[in-house]
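The structure appears right after this line, and notes come after that.
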Amino acid sequence: MTKKVRLGMIGCGQMSEALLRGVLSAKLVSPEQVLVSDPADDRRTLFVRSYGVRACADNRQAAERAELLLLAVKPQVAGAVLSELQGAVGAHTLVLSVITGVRLVRIEAELGKGARVVRAVPNTPVLVGAGVTAIAGGVRASPADVRTAADFFGAVGAAIEVQ
């Protein structure tokens, strides 16, 4: 990532926490540039207290303010979250998805025209900064978008582009 960007994170689970810890440590973003969203008040509070980021319970708010948006929710709520985000994500936002089992083409279709999406499949060693993440750009993701994703996931291990 060549410049620090406003990061939105939807989902405050273990994977999000590991990724946030990594990108903050690598100084890819600073805490004041991060807005996290999660329905669980205790997880939002943990992120605010531990990492100094801002938090909300409104996924659209996190998405609309982001230049880089991480989707890290459980697959069983993915449909509802993606529907909620329709119209909130445009060409100005690069979306990184780590949602298990949700195909890139579905994410692009649900988010609508203009969505630039990179799908990522990290393995569990990212939780300790030693993982490997496979990344693949969607139809509107540029080579620069894929490089940005590689830098982001590179903060917790290696990132490898796959076709």
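The values are calculated or read from the model by the stated rules, or taken from the named source; none is laboratory data. No experiment lies behind these values; they were computed from the predicted model shown. In this analysis, Cβ positions are derived from the backbone assuming ideal geometry, glycine residues included, and neighbour counts consider all displayed protein chains. Just so you know, the surface numbers come from the protein's heavy atoms only, side chains and all, with ligands and any DNA or RNA stripped out. Shrake-Rupley method; radii C 1.70, N 1.55, O 1.52, S 1.80 Å.
Odds and ends about this structure:
- Out of E84, E64, one residue alone is under 17 Å from L7 (Cβ atoms) and either open to solvent by 40 Å² or more (accessible area, probe 1.4 Å) or without any contact (Cβ under 8 Å) to a residue 12 or more places away in the chain (or both). It is E64.
- Selection count where residues are of a type outside the set (A, V, I, L, M) and under 21 Å from S16 (Cα atoms), scope segment 87-105: 5
- Residue within segment 97-106 that is out of contact with any His (no Cβ under 6 Å at 6 or more places or on another chain), open to solvent by less than 20 Å² (accessible area, probe 1.4 Å) and small (G, A, S) present: yes
- Residues in segment 95-114 that are in a strand (DSSP E or B) and either more than 17 Å from L70 (Cβ to Cβ) or among the aliphatic types (A, V, I, L, M) (or both): V95, L96.
- For segment 16-59, residues that are within 22 Å of T93 (Cβ to Cβ) and open to solvent by 50 Å² or more (accessible area, probe 1.4 Å) total 7.
- Meets criteria (closer than 21 Å to E110 by Cα, in contact (Cβ under 8 Å) with a residue 40 or more places away in the chain, of a type outside the set (F, W, Y) and loosely packed, with under 15 Cβ neighbours inside 10 Å) for A91: yes
- Considering segment 108-122, and only residues there that are without any contact (Cβ under 8 Å) to a residue 24 or more places away in the chain and not hydrophobic (A, V, I, L, M, F, W, C), the residue that is most open to solvent (accessible area, probe 1.4 Å) turns out to be K113.
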